[in-house]
Amino acid sequence: QVQLVESGGGSVQPGGSLRLSCATSASVFSISAMAWYRQAPGKQRELVALITPYGPTRYADFVRGRFTISRDNAKYTVYLQMNSLAPEDTAIYYCNAHSVNFDYWGQGTQVTVSS
């Protein structure tokens with residue numbers, strides 16, 4: 001059974017930072033585009049950022065240079081560094097691993113931005 005193990009969520013004040021991590025197996029990580037999605041209460045799940053197996057990245061417009069996605073190919077882990085967090089960033093953040101043959105999801109980690 002494929003697992004995506006997420007960590008790093010929590011509560012932070014506006015303007016603060018968090019780093020999310022998502023680890024998986026070598027066989028999944030090496031061929032997957034890894035991404036972070038988020039889902040706020042009452043809203044649809046939306047793409048936050050994506051990184052391909054060879055490094056190119058894509059970001060949602062609302063990131064506005066505040067978030068950075070990266071991958072450590074030695075640790076089979078993808079990261080999402082989130083800076084300048086705002087209340088509207090409050091959501092459950094999900095890790096995703098996607099290839100031609102599969103689409104796997106993590107269990108989600110809560111991020112709450114509040115004063």
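The values are calculated or read from the model by the stated rules, or taken from the named source; none is laboratory data. Computed from a predicted structure; not experimentally measured. Neighbour counts are summed over all protein chains in view; Cβ atoms, including those assigned to glycine, are modelled from backbone coordinates with ideal geometry. Quick note on the areas: whole protein, heavy atoms, side chains included, nothing else; ligands and nucleic acids left out. Shrake-Rupley method; radii C 1.70, N 1.55, O 1.52, S 1.80 Å.
Overview of values
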quantity	calculated
Conditions (1) over 21 Å from Gln107 (Cα atoms); (2) modelled with pLDDT of 95 or more; number of the one not met by Pro53	(2)
Those residues of the stretch 90-114 which are open to solvent by less than 60 Å² (accessible area, probe 1.4 Å), within 15 Å of Gln39 (Cα to Cα) and part of a loop (DSSP other than H, G, I, E, B), in sequence order	Thr90, Gly106, Gly108
Residue selected from the stretch 8-18 under the condition surrounded by fewer than 14 Cβ atoms within 10 Å (Cβ to Cβ) and in contact with a Ser or Thr (Cβ under 7 Å, 6 or more places away or on another chain), by the criterion nearest to Asp103 (Cα to Cα)	Ser11
Failed item, numbered, when Pro87 is tested on (1) over 22 Å from Gln1 (Cα atoms); (2) surrounded by 14 or more Cβ atoms within 10 Å (Cβ to Cβ)	(2)
Yes/no for Leu4 being under 12 Å from the mean Cα position of the chain (by Cα), under 14 Å from Ala91 (Cα atoms) and open to solvent by less than 20 Å² (accessible area, probe 1.4 Å)	no
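Yes or no, residue by residue, for (1) over 10 Å from Val78 (Cα atoms); (2) of a type in the set (Asp, Glu); (3) in a loop (DSSP other than H, G, I, E, B):
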residue	(1), (2), (3)
Gln3	yes, no, yes
Gly16	yes, no, yes
Ser21	no, no, no
Ile31	yes, no, yes
Met34	no, no, no
Arg38	yes, no, no
